[in-house]
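Please treat every number below as a calculation from the coordinates, not as lab data. Everything quoted here is computed from the prediction, not taken from an experiment. Using ideal geometry, Cβ is built from the backbone for each residue, glycine included, and neighbour counts are taken over all protein chains shown.
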Amino acid sequence: MNRREFLLAAASAAVAAPALSFSGKLFAAPANTPRFLMVFLRGGYDCNNLLVPYSSDFYYQSRPSLAIAKPDGANPNSAIALDANWGLNPILRDSIYPLWQRKQVAFVPFAGTDDMSRSHFETQDNIESGEPTEQRNNYRSGFLARLSGALTSVPAIAFTDALPLSFQGGGKDIPNISLRGVAKPAFDERQSAILSEMYKGTSLAAAATDGLDLRQKVSKDLQDEMAKANRGAASAKNFAEETQRIATLMRQQYRLGFVDVGGWDTHVNQGSTTGQLANNLSNLGQGLAAYAEAMGDEWNNTVVVVASEFGRTFRENGNKGTDHGHGTAYWVLGGKINGGRIAGSQVAVNQKNLLQDRDYPVLNNYRDVLGGLLGRTWGLSASQLQAVFPQSKPRDLQLV
């Protein structure tokens, strides 16, 4: 068992714990440096009821029970107009819309991969790998791991139960930590003493001490930070709680992060401004708004991208839901991004422009869009970008 395997095993009895580089110690990166967080929505979310194409009559014909009403000041359940064609689901009125008004969020519709499988797992792996669809030759190499390898003094972390593919195979020991259920330390003093004694006098003694001390420190720091941030008020549940914890670590120690959020596969009774999708969007929006607030001044040095493996069918199905689609809409957020706009290539939303008469086409390939975004964020050279996204054609959408 090597050092990383031991740290992972020793600290994962209650939750998955980090196995950190830098001799197992928390590493504080310099302040005022870029931060990037990837939020991956697993399940394929329905972007058509997030970013509502309200100028399209075809949208209303295709979704008799799911469509969100055109903007109407007298109707609080109508879409919030963002421009002449696109509106925002009103469930995000108090979370994401204020960021839009401050030009701290942009949307990129018709985004995604050229993978046409419509398979959750295959398309998720395709995106996390960052390699050309037809030429993937390393199924354990992710684009964030390769990005981390191209950067110096940019500590990375995955806020996940297991290390995601996106952070695998880059040559660095990337930590992962599940922040679900860390309201108390994983081990009390008695348990820590027992575990330390087990490895006393062995070659793993130092690693055991590092791992246990680290887990206890992370838990305590997160408890203290949450108590201060709450100021006696009840916090938003689920994702919002998690993002406040993530902000603690991204603000102080880490600069490159990944978190995934499940529950977006809405085949049945999806809903529009209420129901499963609306509840998920509400949690996501509150979480992102909480993250922006918790980052404080460092929100100005932060870029967040929200992506999913694919979108949903444009038409609703017979179960008042939607099925696996293709093109989707990405979100880009941050204190200093060039937001308040719908970015990237677009086409009119009508039947003739659908892919295979069912989905949004992909006009903004994720490898090109993220390549341009990450290139500007860290000033990457052309060769560095090709190492991260082989054979990509980075597009600078002037988002940062």
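Packing order of peptides 313-320, 279-286, 111-118, 344-351, highest average first: 279-286, 111-118, 313-320, 344-351 (average count of other Cβ atoms within 10 Å over each peptide's residues).
Report the FRET efficiency, 1/(1 + (r/R0)^6), for R358 and A382, where r is their Cβ-Cβ distance and R0 is 35 Å, rounded to 0.05.
Details: r = 37 Å, r/R0 = 1.05.
Calculated value: 0.45.
If the segment from N317 to M198 were pulled out straight at 0.36 nm per residue, it would be longer than the present Cα-Cα gap by 37.1 nm.
With the simple model of a label 7 Å out from the Cα in the direction of the Cβ, A205 to D161 spans 3.6 nm. Note on Y60 and Q391: with the Förster distance fixed at 45 Å, the Cβ-Cβ geometry gives a FRET efficiency of about 0.65.
Order these peptides, 73-80, 371-378, by their mean beta-carbon neighbour count within 10 angstrom, highest first.
Working: 73-80: 13.5, 371-378: 21.8.
Result, highest mean Cβ count within 10 Å first: 371-378, 73-80.
The simple spin-label model puts a point 7 Å past each Cα toward its Cβ; for S153 and N338 those points are separated by 2.8 nm. Go ahead and collect, in residue order, the members of the range 59-96 whose backbone nitrogen is under 17 Å from a label point 7 Å along the Cα-Cβ direction of A348. Once the point is set 7 Å along Cα→Cβ of A348, 59-62, 84-86 turn out to lie under 17 Å by backbone N, inside the range 59-96.
Averaging sequence separations of C-alpha pairs under 8 Å and six or more residues apart, then dividing by the length of the range 329-400, give the relative contact order as a whole percent. Could the numbers behind the result be given before it?
Working: 62 pairs, mean separation 25.5, N = 72.
Dividing the mean separation by the residue count of the range 329-400 yields 35 percent.
In this Cβ point-charge picture (+1 for Lys and Arg, -1 for Asp and Glu), the range 338-400 has a dipole of about 60 debye about its Cα centre. In order along the range 111-127, the phi-based Karplus estimate (6.51 cos²θ - 1.76 cosθ + 1.60, θ = phi - 60°) of 3J(HN,Hα) comes to 10, x, 10, 8, 5, 10, 5, 6, 9, 3, 5, 5, 6, 4, 5, 4, 5 Hz; Gly and Pro are listed as x.
What you get for the range 245-400, charging only the Cβ of Lys and Arg (+1) and of Asp and Glu (-1), is a dipole of about 280 debye around the Cα centre. Between the amide H of G325 and those of G311, R312, T313, distances stay under 5 Å, these residues lying 5 or more places away or on another chain, with hydrogens modeled in the peptide plane.
Rounded to 0.05, the FRET efficiency of the Q252 and H120 pair, given R0 = 30 Å and the Cβ-Cβ distance, is 0.30. Extension gain, N32-Q101: 0.36 nm per intervening residue step, less the Cα-Cα distance, totals 22.4 nm.
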